[in-house]
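What follows is one structure encoded as structure tokens, with my remarks underneath.
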Amino acid sequence: MAKIQVSVKINGDAYEILVQPWQSLLSALRDELQLTGTKEGCSNGNCGACTVNLDGRTADSCLVLAAECDGAEVTTVEGLAKEGELDPVQKAFIKYGALQCGFCTPGFLMSTRYLLDHNPNPTEFEIRLGIAGNLCRCTGYDKIVRAIQAVAAGEF
């Protein structure tokens, strides 16, 4: 089957990539562009490890066809840091120990950045709702919630 050419902006840079018609955005990011920060967990949209920002909204990149992203803007976890400076969310996750194995962390970071961009002062309930699409088997969520609260409180 013939590959499809896709023009996409990823982390502020323009790319022209060739993808299979069935290839997921996750696969294109990891296999075609070597942006391996986005993780493959469940491959069916349940775990959130592959969360990216797609045209201003969070999306499970395992559920989006790369071919659908022609003309889109995508931000991955690699795009959070600016000019070598970690995003406040990244700093908070480190300080508060909101990660252990780190596999789910990229998805949590992307969901958290989206949440705080749209609700800079969320309640604990709103935080938990905002990260509900992300699963972690290691941390138990409390440290993640505390890290997000610290960013919202202006600690970072």
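Check Phe125, Phe103 and return the single one that is outside any loop (DSSP other than H, G, I, E, B) and of a type in the set (Phe, Trp, Tyr). Steps first, answer last, please.
Details: Phe103 fails: outside any loop (DSSP other than H, G, I, E, B).
Matching residue, one of Phe125, Phe103: Phe125.
Does Gly133 count as at positive phi and either crowded, with 20+ Cβ neighbours inside 10 Å or assigned to a loop (DSSP other than H, G, I, E, B) (or both)? Even if it seems obvious, please write down each step before you answer.
On the way: at positive phi: no; either crowded, with 20+ Cβ neighbours inside 10 Å or assigned to a loop (DSSP other than H, G, I, E, B) (or both): yes.
Taking the combined requirement at face value, the residue does not satisfy it.
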Going through region 108-143 one residue at a time, which ones are among the β-branched types (Val, Ile, Thr) and more than 18 Å from Thr38 (Cα to Cα)? Thr123, Ile127, Thr139
List the residue pairs whose Cβ atoms are under 6 Å apart, where the first residue sits in region 1-24 and is under 24 Å from Val77 (Cα atoms), the second is loosely packed, with under 12 Cβ neighbours inside 10 Å, and the two are 6 or more positions apart or on different chains. Ser7/Glu16; Leu18/Gln5
Quick check: is even one residue across region 2-13 assigned to a loop (DSSP other than H, G, I, E, B), modelled with pLDDT under 95, surrounded by fewer than 16 Cβ atoms within 10 Å (Cβ to Cβ) and at negative phi? yes
Of all residues in region 88-113 being in contact (Cβ under 8 Å) with a residue 60 or more places away in the chain and surrounded by 20 or more Cβ atoms within 10 Å (Cβ to Cβ), the one that is farthest from Cys47 (Cα to Cα): Ala92
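The values are calculated or read from the model by the stated rules, or taken from the named source; none is laboratory data. This structure is a prediction, so every number in the text was calculated from the model and none was measured. Backbone-built Cβ (ideal geometry, glycine too); neighbour counts: all protein chains shown.
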